[in-house]
Amino acid sequence: MALSTDLEILNRVQRDVSGCFLQYVGDCWPWTTIGADGDKLKSIVDQCVARQRESIRLMTEYLAPRQTRVEAGAFSADFTDLHYVSLKFLIKQLIATQSRVVEVIDRMSTMLPSGDEVLEILEVVGRNERSNLAALKASGS
């Protein structure tokens with residue numbers, strides 16, 4: 001599908017972010033936290049989920065009054081294969097999927113002209129998602 005308007009671009013990012021693995025993990029926590037490290041990792045993931053939800057809220061508030069439909073992403077059925085894995089393994093998966101989220105945002109941002117309102121929103125969303133990626137990477141080391 002060719003993306004032709006700034007709203008289509010933002011809606012694509014909205015769909016990708018709202019259906020990503022980090023949101024799935026935030027909605028469904030079957031991973032066991034054991035000891036201080038587990039509690040610390042869960043706290044980091046919870047902070048990332050909250051920051052990402054703020055990105056989703058920002059995009060939704062911009063899109064909703066400007067078009068008839070705001071697309072929410074669907075979680076992949078593949079995510080269910082990752083239940084009951086260790087938190088260390090989970091963090092590695094989150095880093096990999098969060099890297100792809102950042103790549104999508106960066107790629108979509110190049111499709112917008114400088115000064116575009118949507119580009120400004122994507123820059124904020126991109127900063128949030130890069131902060132999430134950095135936090136996940138720091139927790140995985």
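A few comments on the model shown:
- Condition met for THR80 (hydroxyl-bearing (Ser, Thr, Tyr), closer than 19 Å to ASP27 by Cα, surrounded by 14 or more Cβ atoms within 10 Å (Cβ to Cβ) and more than 12 Å from the chain's Cα centre (by Cα)): no
- Filter pass, VAL118 being in a helix (DSSP H, G or I) and at pLDDT below 95: yes
- Contacts under 9 angstrom Cβ, first residue in segment 38-57 being closer than 18 Å to LEU87 by Cα, partner acidic (Asp, Glu), 6 or more apart: VAL49/ASP27
- Residue check for GLU103: under 13 Å from LEU10 (Cβ atoms), free of Cβ contacts under 8 Å to residues at least 40 places away in the same chain, assigned to a helix (DSSP H, G or I) and charged (D, E, K, R): no
- If the condition is being buried (at least 16 other Cβ atoms within 10 Å of the Cβ) and in contact with an Asp or Glu (Cβ under 7 Å, 6 or more places away or on another chain), then segment 110-141 contributes LEU112, VAL118, GLY126, ASN128.
- Going through (1) touching a Leu at 6+ places or on another chain (Cβ under 9 Å); (2) part of a helix (DSSP H, G or I); (3) at pLDDT below 90 one by one, VAL45 falls short only on (3).
- Residue count, segment 61-76 (criterion: of a type in the set (Phe, Trp, Tyr) and more than 20 Å from PHE21 (Cα to Cα)): 1
- Filtering GLN14, GLN52, GLN23 for residues that are more than 19 Å from ASP106 (Cα to Cα), out of contact with any Cys (no Cβ under 6 Å at 6 or more places or on another chain) and surrounded by 13 or more Cβ atoms within 10 Å (Cβ to Cβ) leaves a single hit, GLN23.
The values are calculated or read from the model by the stated rules, or taken from the named source; none is laboratory data. Values in this document were obtained by computation on a predicted structure and should not be read as measured data. Methodologically, a virtual Cβ is constructed for each residue, glycine included, from the backbone with ideal geometry; neighbour enumeration extends over all protein chains shown.
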